[in-house]
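Input: a single structure, listed below in structure tokens.
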Amino acid sequence: MVALGRFLSALATLLVAACNVPEPPGSSGGVSLQSTPCGRGVVVVSSGSDYASTNVSLADLDGVGVSPSFLSSGAVPAGASAAFSGDVVAPLQTPPSGNVVLIDRQNGTVSWADPVSATVRAQLSLLGGSPANPHDYVEVSADKAYVSRYGAGDLAVLDLRSFAWTSSVPLPADAGLRPSPDRMLLAGDRVIVALQLFDAAFVKAGDGRLVGIDTASDAIAWTVELAGLANCGGLAMAPDSQRIAVTCTGVFPGSTSTDPEQMKRSAVVWMDLSDGVPKELRRYDVASALGRPVGWTVGFVSNASVVGRVVGDLESGSRDAAFSLDLESGEVKVLAESAAYSLGDVRCAAACGKPCLIADAETGVLRRWSTAAGTALVELEPSRVDTTVGLPPRNLGGF
């Protein structure tokens with residue numbers, strides 16, 4: 001896949017110094033934080049430029065570190081059967097169970113860790129004889145969860161009582177394009193799946209698609225097309241749970257990320273969820289406004305404002321940028337810039353008056369913006385969470 005190869009090559013050039021990190025120390029232990037409607041804290045996953053090593057840190061909802069090396073890939077953690085690879089992510093939505101859930105894309109496993117004891121409660125393989133490449137995890141009840149298997153084109157259905165894989169939900173292909181389910185959101189009794197459609201070489205892509213899964217029957221309840229857009233993978237729920245935001249990146253053409261063919265299929269989409277099926281309210285051509293395609297992450301600052309990122313490119317000399325978008329006026333503002341391919345996940349807890357965070361691998365910190373004044377974001381001091389191993393932060397989740 002040309003785009004993926006170019007992406008990894010750029011990362012290796014940019015962050016080669018991160019390969020020479022010290023051997024990871026022992027676990028810094030668990031934490032005990034007060035539960036809130038936004039969860040207890042933030043899971044920060046850091047990885048080297050070669051994606052050969054991982055360190056998992058825990059922070060509070062303000063983005064301040066409380067356990068710098070909760071778990072790492074340096075050794076098999078207590079309670080686990082296998083060590084973590086260098087390609088680990090956390091779920092988009094905070095698991096109601098309170099576990100720290102880690103998705104190992106390379107090894108095809110899901111692990112559940114106790115945030116207090118820093119031990120792994122269970123670890124489950126989702127390979128099933130296929131290149132699973134699990135991308136996201138969502139708990140739909142106390143006993144049940146879904147995992148999107150990007151490589152296999154389905155959702156794995158998990159029984160959380162026994163931590164077992166019980167069945168799968170196949171997702172439909174389209175005119176020779178393979179289904180690749182990405183991020184997911186639980187909305188009432190439906191799970192919204194961001195479904196991408198690609199050919200085998202990841203060069204040709206179908207229109208973006210959202211699929212609603214009935215959590216009782218595991219059946220597809222509805223499908224919504226995002227006509228003209230492609231590679232739609234970023235999702236976020238507004239604080240009032242009545243709106244969602246979707247980001248679409250377009251298809252990397254193999255030259256630069258600012259190619260016009262990619263840019264015209266990239267956008268932020270604001271959708272109404274009040275009757276259970278997403279309906280498009282408005283789409284925003286942030287790619288043209290900022291000269292770079294929209295990335296795979298977004299977070300709500302308020303019910304009518306979001307923060308996201310655009311993707312730079314080493315070949316064209318453009319940088320990544322964090323931006324704010326007023327969904328009512330359409331105004332776009334650049335919040336910060338960083339080296340190409342170095343800005344990671346956005347995570348906001350505005351419903352609890354907490355900052356919006358974005359992982360910045362170039363500087364090794366979480367960039368933070370206060371949401372106290374609604375759409376008027378104020379940048380706070382950055383937070384360095386991984387203070388022991390020193391790997392750059394890339395992925396953010398919750399616990």
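The values are calculated or read from the model by the stated rules, or taken from the named source; none is laboratory data. Note that the coordinates shown come from a computational prediction; the quantities given were computed from them, not determined experimentally. Cβ atoms come from the backbone with ideal geometry, glycine included; neighbour counts cover every protein chain shown. Side chains are part of the model used for accessible areas, which takes the heavy atoms of the whole protein and leaves out ligands, DNA and RNA. Shrake-Rupley method; radii C 1.70, N 1.55, O 1.52, S 1.80 Å.
From the list 337, 328, pick out the single residue that is open to solvent by 20 Å² or more (accessible area, probe 1.4 Å) and assigned to a loop (DSSP other than H, G, I, E, B).
Being open to solvent by 20 Å² or more (accessible area, probe 1.4 Å) and assigned to a loop (DSSP other than H, G, I, E, B) holds for just one of 337, 328, which is 328.
The rows are residues; the columns are (1) touching a strand residue (DSSP E or B) at 6+ places or on another chain (Cβ under 9 Å); (2) touching a residue at least 24 places away in the same chain (Cβ under 8 Å); (3) of a type in the set (A, V, I, L, M).
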site	(1), (2), (3)
210	yes, yes, yes
236	yes, yes, yes
261	no, no, no
265	yes, yes, no
269	yes, yes, yes
285	yes, no, no
300	yes, yes, no
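Is it the case, given these coordinates, that residue 74 is at pLDDT below 95 and touching a strand residue (DSSP E or B) at 6+ places or on another chain (Cβ under 6 Å)?
In short, no.
Let's see how each residue does on (1) of a type in the set (Ser, Thr, Tyr); (2) crowded, with 17+ Cβ neighbours inside 10 Å:
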position: 115; (1), (2): no, yes
position: 120; (1), (2): no, yes
position: 130; (1), (2): yes, no
position: 137; (1), (2): yes, yes
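State the number of residues belonging to the stretch 31-71 that are in a loop (DSSP other than H, G, I, E, B), in contact with a strand residue (DSSP E or B) (Cβ under 6 Å, 6 or more places away or on another chain) and of a type outside the set (A, V, I, L, M, F, W, C).
Residues in the stretch 31-71 being in a loop (DSSP other than H, G, I, E, B), in contact with a strand residue (DSSP E or B) (Cβ under 6 Å, 6 or more places away or on another chain) and of a type outside the set (A, V, I, L, M, F, W, C): 1 in total.
Any chance the stretch 194-211 includes a residue that's open to solvent by 30 Å² or more (accessible area, probe 1.4 Å) and under 29 Å from residue 143 (Cα atoms)?
no
Run residue 108 past the list (1) in contact with a Pro (Cβ under 7 Å, 6 or more places away or on another chain); (2) at negative phi and report the number of the one that doesn't hold.
Unmet condition: (2).
If residue 200 passes every condition in (1) small (Gly, Ala, Ser); (2) touching a residue at least 24 places away in the same chain (Cβ under 8 Å); (3) out of contact with any Pro (no Cβ under 8 Å at 6 or more places or on another chain); (4) in a loop (DSSP other than H, G, I, E, B) but one, which one does it miss?
All conditions pass for residue 200, except number (2).
Right, residue 43: in contact with a Leu (Cβ under 9 Å, 6 or more places away or on another chain), crowded, with 21+ Cβ neighbours inside 10 Å and closer than 20 Å to residue 160 by Cβ or not?
Considered against the rule, which asks whether it is in contact with a Leu (Cβ under 9 Å, 6 or more places away or on another chain), crowded, with 21+ Cβ neighbours inside 10 Å and closer than 20 Å to residue 160 by Cβ, residue 43 comes out as yes.
Conditions first: (1) open to solvent by 10 Å² or more (accessible area, probe 1.4 Å); (2) within 23 Å of the chain's Cα centre (by Cα); (3) not basic (Lys, Arg). Residue 217 passes all but one, so which condition is the exception?
(2)
I'd like to check something: does the stretch 183-194 contain any residue that is part of a strand (DSSP E or B), touching a Cys at 6+ places or on another chain (Cβ under 8 Å), in contact (Cβ under 8 Å) with a residue 24 or more places away in the chain and not aromatic (Phe, Trp, Tyr)?
yes
What pairs come up if the first residue lies in the stretch 78-94 and is without any contact (Cβ under 8 Å) to a residue 24 or more places away in the chain, the second is part of a loop (DSSP other than H, G, I, E, B) and small (Gly, Ala, Ser), and their beta carbons are under 6 Å apart, counting only those six or more places apart or on different chains?
The qualifying pairs are 83/73.
Could you figure out which of (1) among the small types (Gly, Ala, Ser); (2) surrounded by fewer than 22 Cβ atoms within 10 Å (Cβ to Cβ); (3) in contact with a Phe, Trp or Tyr (Cβ under 6 Å, 6 or more places away or on another chain) isn't true of residue 156?
(2)
From 28, 53, 35, 57, grab the single residue that is of a type outside the set (D, E, K, R), open to solvent by 60 Å² or more (accessible area, probe 1.4 Å) and at pLDDT 50 or above.
Answer to the selection: 35.
Being part of a loop (DSSP other than H, G, I, E, B), modelled with pLDDT under 95 and either open to solvent by 20 Å² or more (accessible area, probe 1.4 Å) or not aliphatic (A, V, I, L, M) (or both): is that true of residue 375 here?
Taking the combined requirement at face value, the residue satisfies it.
Out of (1) open to solvent by less than 40 Å² (accessible area, probe 1.4 Å); (2) within 30 Å of residue 242 (Cα to Cα), what's the single condition that is false for residue 389?
The number of the failed condition is (2).
Within the stretch 361-399, which residues are free of Cβ contacts under 8 Å to residues at least 12 places away in the same chain and either under 21 Å from the mean Cα position of the chain (by Cα) or farther than 17 Å from residue 334 by Cα (or both)?
Hit for the stretch 361-399 is 373, nothing else.
Every residue in the stretch 353-362 that is touching a strand residue (DSSP E or B) at 6+ places or on another chain (Cβ under 7 Å) and either open to solvent by 40 Å² or more (accessible area, probe 1.4 Å) or on the phi > 0 side of the Ramachandran plot (or both), please.
Scanning the stretch 353-362 gives a single hit, 362.
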